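**Student:** My structure is below; once you've seen it, I'll send some questions.
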Amino acid sequence: MPNEIGAAKEDMKDQVVECVPNFSEGRDARRVESIIAAMHIEGVRLLDWSMDADHNRSIVTIAGEPTAVLESALRGVGKAVELIDLTGQEGLHPRIGAADVVPFVPVTGIKLEQCVMLARQAGLEIWRRYGVPVYFYEAAASRPDRANLDDVRRGQFEGLRDAVRKEAARRPDLGGPGLHPTAGACAVGARKFLVTYCLYLDSNDVGVARAIAREVRASFGGLHGVKAMGLLVHGRAQLSMNITDFKATPISQVYSTVSRLAAKHKTAPVEGEVTGLIPEAACERESEWMRQLGEFDDQTKVLERRLDSPLAWPGQGNSTNT
């Protein structure tokens with residue numbers, strides 16, 4: 001029996017889960033650093049964080065033992081609820097909450113089904129601690145019509161705030177029925193690795209970017225596991241994409257499809273960027289899409305490398321990563 005107990009503890013020690021909370025603040029660095037600092041607890045590594053002023057959004061990546069990661073994410077949500085008021089917030093990226101999405105991702109020694117349980121625990125605590133209602137999405141969805149995050153976020157904070165009063169079908173899975181007056185709602189999920197990939201076109205016509213996004217988007221019969229939207233960023237047409245299954249749809253396939261569609265509009269992708277981390281398995285070293293990345297450092301952008309060399313938490317050395 002003692003050996004069995006010791007083995008169980010060792011199994012827990014070897015479990016690594018990733019969490020990638022997205023917060024609806026990308027312009028106030030002090031506010032974002034305060035949220036991240038609140039997430040600092042023993043057993044959790046800070047792998048990456050970034051701010052985007054145009055999207056008015058920050059993305060934080062943490063990893064570690066499941067229980068510790070769960071508590072770290074909850075503290076980040078709590079600080080976001082305290083600091084972010086959606087009634088005065090605006091940006092290019094759709095959002096329903098101050099802590100907009102909180103996905104749990106299996107890394108090693110843990111299965112997606114266990115991440116679903118973590119997501120359910122997180123949802124219960126978010127409602128209990130902070131009074132923010134919760135929607136479960138992706139693998140953690142409790143209803144088929146909520147598996148797709150885009151469907152959950154339809155109408156954004158303002159539209160959802162009105163819809164939950166009129167439509168029972170739009171009400172949260174936990175809490176509510178109304179949204180939190182300033183922090184909205186939180187979408188909590190469990191999913192596989194997701195790659196956030198943006199392509200800038202040699203054009204300032206946002207209509208072209210939107211047309212291409214519509215054609216590559218899985219929900220419109222495009223590429224499997226690809227979510228896309230067309231935006232105008234710094235005067236350039238941008239395709240902002242989430243690739244939810246890079247094994248089924250490699251990023252090289254996404255790039256070649258976008259290139260082909262762009263050529264029809266007499267334009268081409270001229271620069272790419274990856275937001276957050278990317279697993280080594282998604283890297284295609286000799287591909288055109290990787291050669292086109294403006295700044296890509298294996299040590300800071302590849303998940304496996306960053307797990308070995310995490311960032312300093314804000315307030316503990318040089319933490320700026322914007």
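**Student:** Can you name the condition, by its number, that LEU232 falls short on among (1) modelled with pLDDT under 95; (2) within 20 Å of VAL195 (Cβ to Cβ); (3) of a type in the set (A, V, I, L, M)?
**Tutor:** LEU232 satisfies all of (1) modelled with pLDDT under 95; (2) within 20 Å of VAL195 (Cβ to Cβ); (3) of a type in the set (A, V, I, L, M) except (2).
**Student:** Restricting to the range 53-77, name every residue that is more than 21 Å from VAL116 (Cα to Cα) and open to solvent by less than 50 Å² (accessible area, probe 1.4 Å). Even if it seems obvious, please write down each step before you answer.
**Tutor:** Keep residues of the range 53-77 that are more than 21 Å from VAL116 (Cα to Cα), which gives 53-58.
Those that are more than 21 Å from VAL116 (Cα to Cα) and open to solvent by less than 50 Å² (accessible area, probe 1.4 Å): ASP54, HIS55, ASN56, ARG57, SER58.
**Student:** Just a yes or no: is a residue in the range 188-209 over 16 Å from TRP289 (Cβ atoms), touching a Cys at 6+ places or on another chain (Cβ under 8 Å) and among the small types (Gly, Ala, Ser)?
**Tutor:** yes
**Student:** Any idea how many residues of the range 172-231 are surrounded by fewer than 22 Cβ atoms within 10 Å (Cβ to Cβ), aromatic (Phe, Trp, Tyr) and not in a loop (DSSP other than H, G, I, E, B)?
**Tutor:** Total satisfying the criteria: 2.
**Student:** Do we find that HIS40 is within 25 Å of ALA185 (Cα to Cα) and either modelled with pLDDT of 95 or more or aliphatic (A, V, I, L, M) (or both) in this structure?
**Tutor:** Working: within 25 Å of ALA185 (Cα to Cα): yes; either modelled with pLDDT of 95 or more or aliphatic (A, V, I, L, M) (or both): yes.
Answer is yes for this residue.
**Student:** Being under 17 Å from the mean Cα position of the chain (by Cα) and within 24 Å of GLY159 (Cβ to Cβ) is the requirement here; does ILE126 meet it? Steps first, please.
**Tutor:** Working: under 17 Å from the mean Cα position of the chain (by Cα): no; within 24 Å of GLY159 (Cβ to Cβ): yes.
The answer is no for ILE126.
**Student:** To continue, here is another question. Select from the range 77-98 the residues that are of a type outside the set (Ser, Thr, Tyr) and part of a helix (DSSP H, G or I) and list them in ascending order. Quick ask: steps written out before the conclusion?
**Tutor:** At the first step, the residues of the range 77-98 found to be of a type outside the set (Ser, Thr, Tyr) are 77-86, 88-98.
Matches in the range 77-98: VAL77, GLY78, LYS79, ALA80, VAL81, GLU82, LEU83, LEU86, GLY88.
**Student:** For the structure I just gave you, tell me whether THR267 is of a type in the set (Val, Ile, Thr) and part of a loop (DSSP other than H, G, I, E, B).
**Tutor:** Working: of a type in the set (Val, Ile, Thr): yes; part of a loop (DSSP other than H, G, I, E, B): yes.
Yes.
**Student:** A further question on this structure: Just to be sure before I move on: is SER34 closer than 20 Å to ARG191 by Cβ, outside any strand (DSSP E or B), in contact (Cβ under 8 Å) with a residue 24 or more places away in the chain and of a type in the set (Ser, Thr, Tyr) in the structure I sent? Talk me through it step by step, then tell me what you get.
**Tutor:** Values: closer than 20 Å to ARG191 by Cβ: no; outside any strand (DSSP E or B): yes; in contact (Cβ under 8 Å) with a residue 24 or more places away in the chain: yes; of a type in the set (Ser, Thr, Tyr): yes.
Taking the combined requirement at face value, the residue does not satisfy it.
**Student:** Can you find a residue in the range 146-156 that is modelled with pLDDT of 95 or more, open to solvent by 20 Å² or more (accessible area, probe 1.4 Å) and at positive phi?
**Tutor:** yes
**Student:** Please work out if TYR130 is open to solvent by less than 10 Å² (accessible area, probe 1.4 Å) and among the hydroxyl-bearing types (Ser, Thr, Tyr).
**Tutor:** On the way: open to solvent by less than 10 Å² (accessible area, probe 1.4 Å): no; among the hydroxyl-bearing types (Ser, Thr, Tyr): yes.
Judged against the criteria, TYR130 is not a match.
**Student:** Give the residues of the range 45-60 that are in a loop (DSSP other than H, G, I, E, B) and in contact with a Leu (Cβ under 8 Å, 6 or more places away or on another chain), sorted by residue number.
**Tutor:** Of everything in the range 45-60, those that are in a loop (DSSP other than H, G, I, E, B) and in contact with a Leu (Cβ under 8 Å, 6 or more places away or on another chain) turn out to be ASP54, HIS55, ASN56.
**Student:** Specify which of the listed residues (GLN299, GLN316, GLN253) is open to solvent by 50 Å² or more (accessible area, probe 1.4 Å), more than 15 Å from CYS198 (Cβ to Cβ), among the polar types (S, T, N, Q) and within 21 Å of the chain's Cα centre (by Cα).
**Tutor:** Going through GLN299, GLN316, GLN253 in turn, just one is open to solvent by 50 Å² or more (accessible area, probe 1.4 Å), more than 15 Å from CYS198 (Cβ to Cβ), among the polar types (S, T, N, Q) and within 21 Å of the chain's Cα centre (by Cα): GLN299.
**Student:** Checking ASP308 against (1) of a type in the set (Asp, Glu); (2) within 26 Å of ASP151 (Cβ to Cβ); (3) open to solvent by 60 Å² or more (accessible area, probe 1.4 Å): exactly one of these is not met. Which one?
**Tutor:** Failed condition: (2).
The values are calculated or read from the model by the stated rules, or taken from the named source; none is laboratory data. Just so it is clear, the structure is predicted and the values come from calculations on it, not from any experiment. Reconstructed Cβ throughout: ideal geometry from the backbone, glycine too, with neighbour counts over all protein chains shown. Note: areas computed on protein heavy atoms with side chains; ligands, DNA, RNA excluded. Shrake-Rupley method; radii C 1.70, N 1.55, O 1.52, S 1.80 Å.
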